[in-house]
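One structure is given below, encoded as structure tokens.
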């Protein structure tokens, strides 16, 4: 998919709403403080990088293996964000290099998932958050089955139990799992569900796991 087309989706009414809901949940679980450093692994076009940098005052580095998307992200930087080409399974950073780290859906598209989370935890000093596609959601039945369709083609959809198992044995504590985007249509019913359903219900299409580095 073209980077500009993908990023422009966040400017549509539905995309803007979904982006806001996902960003709010990431903030709640990541708990960043102004001035801290943050690594966004698999940053794509830099949508969340820009928001963390501009709205939260973080010093953000975005990493992605796709050079074309990185060039797009660099060209749309808003608050001094930096970008690095690389793989989430082999991060080119020292241990505990960043105060916090985040990965939004990028883990869903890699084969070396255990190595990815190992590396993410390794370079984190305080807290991490991983956003995933939730297999126990309505969106999975609409877009994720039989190999997925559209932007979801080839994605791995996780369960809460699966991500707990993936993180087992790592030097982390205070693990929390929450969901959002219970209906992804973006209409009145979707917005109402988002207001009334608690995030501890693991039915939302956006599944986030967060924890502290020991």
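Please treat every number below as a calculation from the coordinates, not as lab data. The model shown is predicted, which means the values in this text are computed figures rather than measured ones.
Brief remarks on what is shown
- Debye log10 I(q)/I(0) for the stretch 83-143, one point scatterer per Cα, at q = 0.15 Å⁻¹: -0.49
- More than 19 Å apart - percent of Cα-Cα pairs taken over the stretch 62-189: 56 percent
- Taken over the Cα atoms of the chain, the convex hull encloses 112 Å³ per residue.
- Look at the Cα gyration tensor of the stretch 124-214: its axes a ≥ b ≥ c give a/c of at least 1.5 with a/b at or below b/c, and that counts as oblate.
- Counted over the chain, the DSSP beta bridges are approximately 45% antiparallel.
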